[in-house]
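What follows draws every value from the coordinates through simple rules; no lab data is involved. Quick caveat: nothing in here was measured; it's all calculated off a predicted structure. Reconstructed Cβ throughout: ideal geometry from the backbone, glycine too, with neighbour counts over all protein chains shown.
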């Protein structure tokens, strides 16, 4: 496993076929969205404008990849009943879908028989993994890049198993 300064944007821009993301936490304490999350908790208002400063860079990045023919898929394994953070994430997922991502949700109880890696990840072109490492309270603490064939196989198999069982975003009802 190696550390790398390659960002998700770098890897997405180099991607030619597929970019998949598996999220397995019930809460993320990402500093960049803390204020938006707090505001949503207090008011129920969420930034769902794809052209807003908070979303436009992501929408542009994903749209460029999709326009090149890259399949961008995101799967989320969630505990039910869901946390406030997952409610918040679900409320803003329309922007991911607008950008061209396919998004599915899998209740954690349906993932019991899937061999899952220990960390969230992005997998680009079935070749490069970008592991995400989070603290106990959900803050991003770093990442690693790996091209280890065994890890790639684990991530590919795990993602596809989750994807096959998961519910498309438009059909998933928050519990």
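Ordered by the count of other Cβ atoms within 10 Å of each Cβ, fewest first, 113, 93, 83 give 113, 83, 93. The mean sequence separation of alpha-carbon pairs under 8 Å and at least six residues apart, normalised by the residue count of the stretch 63-175, gives a relative contact order of 30 percent. Averaging over all projection directions, the Cα-based convex hull of the chain occupies 9.7 nm² in the image plane.
Calculate, in nm to one decimal, what residue 173 and residue 9 gain on full extension: separation in residues at 0.36 nm each, minus their alpha carbon distance. Mind dumping the intermediate values first?
Numbers: separation 164, 0.36 × 164 = 59.04 nm, distance 3.03 nm.
This chain segment gains 56.0 nm when fully extended.
Working out 0.36 nm times the residue gap between residue 160 and residue 112, then minus their Cα-Cα distance, what length gain in nm do you get to one decimal? Numbers along the way, then the final one.
Numbers: separation 48, 0.36 × 48 = 17.28 nm, distance 1.46 nm.
Gain on stretching residue 160 to residue 112: 15.8 nm.
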